[in-house]
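The values are calculated or read from the model by the stated rules, or taken from the named source; none is laboratory data. Predicted, not measured: the structure shown is a model, and the values here were computed from it. Here Cβ is always computed from backbone atoms with ideal geometry, including for glycine, and neighbour counts include all displayed protein chains. The accessibility values were calculated without ligands, DNA or RNA, using every heavy atom of the protein model including side chains. Shrake-Rupley method; radii C 1.70, N 1.55, O 1.52, S 1.80 Å.
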Amino acid sequence: MGENRDSEPPGATGLPIGVVGAGTMGVGVAQCFAAAGHPVVVVDPDPAARASGPERLRAGVRAARLLRGRDAGPAAERVAWEAEPSALSGARFVVECTPERVPLKKAVLEELDRLCPPETVFASCTSAVPIGRLASFTGRPGRVIGTHFMNPAPVKDTVEVVRSAHTGAHTVELTVDLLAGLGKKAIVVGDGPGFVSNRVLMLTVNEAAAVVEAGTADAGTVDRVFQDCFGHATGPLRTADLIGLDTVLDTLDVLREHTGDERFRPTPLLARLVAEGSLGRKTGRGFHPYPNLRPVDRPRHAGAGSHARHV
């Protein structure tokens, strides 16, 4: 299906926004749009995720104010929390923030395609699934785009925007303009498994875990090498802990599936940490311990409809 520019809502200010998933990334994305003045509806079937969402959003607003000096005003008042996807029927830009599992994303996008008007744009926050594949689950491939927000979304200034071979020019223009209104710079890249960021980062994380597993260095030393030798703000293993090791594991699986490259097979150490529930910052331990996090900093492990795990 092609794009009809005349069917777009007039302007992007106050555009009704939908978010699917009330995990870490979904709440962060909702905060970004609400802080910029957009009405936002967050949909998640998990009552625990919906119940904790408002406080996690308010905590994010406080953190953004302290870290960046940004006053989001009554951002929390602009966000509604709903259980049913039908609540998104009025949205004109929907950001899908579900876990990195293709069958789940397929089900979500097919349902959104039935519920939302033809002019609604679907933006996926996927870490690695090719946007062209996600677009194939809809009847509007020209209006499907990737918006790979980094975690934590409210304090990261750049978004990797992924354009498939079918994404329309107006969809790209609208997305870039919306992100600019959030105070974020868009870097537009082509489509492919993992895009630019995670095609490179996930392999680095996996190899860093292999170094620890081999006994060459502990996690702290690995990270210090990257910080002190290369000037990275943080090392690959602390980055993985921030992302969530379950998301890293899911993303590696997606990359291996779509590339056929065995280098993306997760290391046994990474798989073991995830199996033990040591998922990184959100659970208080991953490659490194995080004993001082408050409970609000540890959102419930994402279920079928949440996305507590994302880069």
Item checked: Residue match in the range 261-282 (condition: without any contact (Cβ under 8 Å) to a residue 24 or more places away in the chain, part of a loop (DSSP other than H, G, I, E, B) and either out of contact with any helix residue (DSSP H, G or I) (no Cβ under 9 Å at 6 or more places or on another chain) or polar (S, T, N, Q) (or both)) -> no
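Suppose the filter is open to solvent by 10 Å² or more (accessible area, probe 1.4 Å), closer than 26 Å to Thr247 by Cα, modelled with pLDDT of 95 or more and of a type outside the set (Ser, Thr, Tyr); does Arg114 pass it?
no
Consider the range 189-241. How many of its residues are open to solvent by less than 30 Å² (accessible area, probe 1.4 Å), part of a loop (DSSP other than H, G, I, E, B) and in contact (Cβ under 8 Å) with a residue 60 or more places away in the chain?
Here is the first cut: in the range 189-241, the ones open to solvent by less than 30 Å² (accessible area, probe 1.4 Å) are 189, 192-195, 198, 202, 205-206, 208-209, 217, 219-220, 222-223, 235-237, 240-241.
The next check asks that each one be part of a loop (DSSP other than H, G, I, E, B); those that pass are 192-195, 217, 235.
Applying the additional criterion that residues be in contact (Cβ under 8 Å) with a residue 60 or more places away in the chain yields 192-195.
Residues in the range 189-241 being open to solvent by less than 30 Å² (accessible area, probe 1.4 Å), part of a loop (DSSP other than H, G, I, E, B) and in contact (Cβ under 8 Å) with a residue 60 or more places away in the chain: 4 in total.
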Check: For the range 61-106, which residues satisfy the criterion of being in a helix (DSSP H, G or I) and either loosely packed, with under 15 Cβ neighbours inside 10 Å or of a type in the set (Ser, Thr, Tyr) (or both)?
Finding: Arg62, Arg65, Leu66, Leu67, Arg68, Glu77, Ser86, Pro103
Notebook entry, point to check: How many residues, within the range 146-158, are surrounded by fewer than 19 Cβ atoms within 10 Å (Cβ to Cβ) and either in contact with a Leu (Cβ under 7 Å, 6 or more places away or on another chain) or of a type in the set (S, T, N, Q) (or both)?
Noted result: 2
Next item on the list: Among the residues of the range 36-60, write down those that are open to solvent by 70 Å² or more (accessible area, probe 1.4 Å) and either within 18 Å of Gly18 (Cβ to Cβ) or not in a helix (DSSP H, G or I) (or both).
Entry: Pro45
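Quick check on Arg65: is it at pLDDT below 95 and closer than 30 Å to Leu245 by Cα?
yes
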Next item on the list: State all residues of the range 99-111 that are under 25 Å from His38 (Cβ atoms) and modelled with pLDDT under 95; if no residue qualifies, say none.
Entry: Pro99
Notebook entry, point to check: Which residues, counting only those in the range 255-271, are farther than 18 Å from Thr204 by Cβ and surrounded by fewer than 13 Cβ atoms within 10 Å (Cβ to Cβ)?
Noted result: Gly260
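Okay, residues lined up against (1) open to solvent by less than 20 Å² (accessible area, probe 1.4 Å); (2) in contact with an Asp or Glu (Cβ under 8 Å, 6 or more places away or on another chain); (3) among the hydroxyl-bearing types (Ser, Thr, Tyr); (4) modelled with pLDDT under 95:
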site	(1), (2), (3), (4)
Pro118	no, no, no, no
Val121	yes, no, no, no
Ser127	yes, yes, yes, yes
Val144	yes, no, no, no
Glu160	yes, no, no, no
Ser164	yes, yes, yes, no
His170	no, yes, no, no
Checklist line | Counted residues, the range 6-26 - those being open to solvent by 10 Å² or more (accessible area, probe 1.4 Å) and modelled with pLDDT of 95 or more | finding: 2
